[in-house]
Amino acid sequence: MENIKPRKGQSSSFDIVVVLVAIIIFLAMIAGFSDDRSMNAQSERVKNDYTHSLLVSMMHCTINETKNTKFTGKTFSDLTGIYFVDLSNESRDYIKEKIKEHMTLYLGDRGVDWVFYAVCEGGTVKLWVPYNKTLEGKDISSASKELITPDGRKTRAYIIIKWS
């Protein structure tokens, strides 16, 4: 018995391995018992978060191009407000085109339908891209943001996405 060496470190490392294996098995069991409702709820939260962050990032995105110097350096938030003040068809068509380009950039390859909609208080004019497109059914997420037009009126912009 004198030839037996003490092995203090091996015992504690074995205990750690056993505890880690037990934790992994426990987590696997929990994942196996979780039903589709929790997965669907998580998926819905991710889609809602994506829709909200898409709207917020879009509103802060700056237009930097040389073709139309009238809007160079403006954000989509600015363009949305300008839409309700500048009644020229040229400006409105340009703003709608820029919205289409931006939304296609972020949603074009995802196979989803989308609508960008804005309405100004006290006005009947609506910014609706693509025009008069409505989304129906399940699995729809939306986000909205309040904006102020250059003449001081409140405007609310919406993005609505139908996930397929």
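Points worth noting:
- Rg(Cα)/(2.2 N^0.38 Å) for the stretch 93-153, N = residue count: 1.25
- Integer Hz, Karplus 6.51/-1.76/1.60 couplings in order for the stretch 83-98, x for Gly and Pro: 3, 8, 10, 8, 8, 6, 5, 4, 5, 5, 4, 4, 5, 4, 5, 5
- At 0.692 mPa s and 37 °C, Stokes diffusion of the stretch 9-162 via Kirkwood alpha-carbon radius, µm² per second: 177
- Cα-Cα over 27 Å, subset of Lys133/Lys154; Lys100/Lys138; Lys47/Lys67; Lys70/Lys100; Lys100/Lys154: Lys47/Lys67
- Charged-residue dipole, Cβ positions (Lys, Arg, Asp, Glu), the stretch 9-162 about Cα centre, Debye nearest 20: 420
- Dipole magnitude for the stretch 74-164: computed about the Cα centre from +1 point charges on Lys and Arg Cβ and -1 point charges on Asp and Glu Cβ, it is near 180 debye.
- Estimated FRET transfer efficiency (Arg153, Asp109; beta-carbon r; R0 45 Å; 0.05): 0.80
- Near Trp128, once Lys and Arg are set to +1 and Asp and Glu to -1 for all other residues with Cβ below 15 Å from its Cβ, the sum equals +4.
- Taking a Cβ cut-off of under 14 Å around Tyr94, the surrounding Lys, Arg, Asp and Glu residues balance to a net charge of 0, with basic ones at +1 and acidic ones at -1.
- Computed E for Ile25/Thr72 - FRET, C-beta separation, R0 35 angstrom, nearest 0.05: 0.05
- FRET E, pair Ala41, Ser164, Förster distance 25 Å, beta-carbon r, rounded to 0.05: 0.85
Taken together, the values in this text are just the output of simple stated rules run on the coordinates, not laboratory data. Just so it is clear, the structure is predicted and the values come from calculations on it, not from any experiment. When we count neighbours, we look across all protein chains shown, and the Cβ atoms used for this are built from the backbone with ideal geometry, even at glycine.
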